[in-house]
Amino acid sequence: MNGDGTETAMGINSQSDESANLQIGPTTMGMVRLFVEGAGIEIPMDFEPDEAEEIAAEITAAAARARVIAEGRGRTDKGRGKG
């Protein structure tokens, strides 16, 4: 909540102290499951293998872009980010 009682929407560039666990694996039904757990919630997301490969490609592309941005800012640490 903001000081005026309104909520600020989270987005790609929003900072947060919240954390969550992410598990990724195949299901017995031949799907790929992304399972997010944190702050009292559990979110299972199932994808067809082709969809999962598209998501993996998007993550890889985003990581490459983030690396360029980080290098441009002079960031050299290789630490893991928060959730």
*Output for the range 10-45, where each listed residue is modelled with pLDDT of 95 or more, of a type in the set (S, T, N, Q) and in a loop (DSSP other than H, G, I, E, B)*: Thr27, Thr28
_Would you confirm whether or not the range 56-70 contains a residue that is modelled with pLDDT of 95 or more, in contact with a Lys or Arg (Cβ under 9 Å, 6 or more places away or on another chain) and surrounded by 10 or more Cβ atoms within 10 Å (Cβ to Cβ)?_
no
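Okay, residues lined up against (1) farther than 24 Å from Asn13 by Cα; (2) touching a helix residue (DSSP H, G or I) at 6+ places or on another chain (Cβ under 9 Å); (3) free of Cβ contacts under 8 Å to residues at least 24 places away in the same chain:
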position: Ile24; (1), (2), (3): no, yes, yes
position: Glu53; (1), (2), (3): yes, no, yes
position: Ala61; (1), (2), (3): no, no, yes
position: Arg67; (1), (2), (3): no, no, yes
*asked:* Of the residues Glu7, Glu48, only one is farther than 25 Å from Arg65 by Cβ and either β-branched (Val, Ile, Thr) or at pLDDT 95 or above (or both); which?
replied: Glu48
*Run Gly83 past the list (1) surrounded by 10 or more Cβ atoms within 10 Å (Cβ to Cβ); (2) of a type outside the set (Asp, Glu); (3) modelled with pLDDT of 95 or more and report the number of the one that doesn't hold.*
(3)
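The values are calculated or read from the model by the stated rules, or taken from the named source; none is laboratory data. On a predicted model such as this, the values are computed, not experimentally measured, just so you know. Note: ideal-geometry Cβ built from the backbone for every residue, glycine included; neighbour counts use all protein chains shown.
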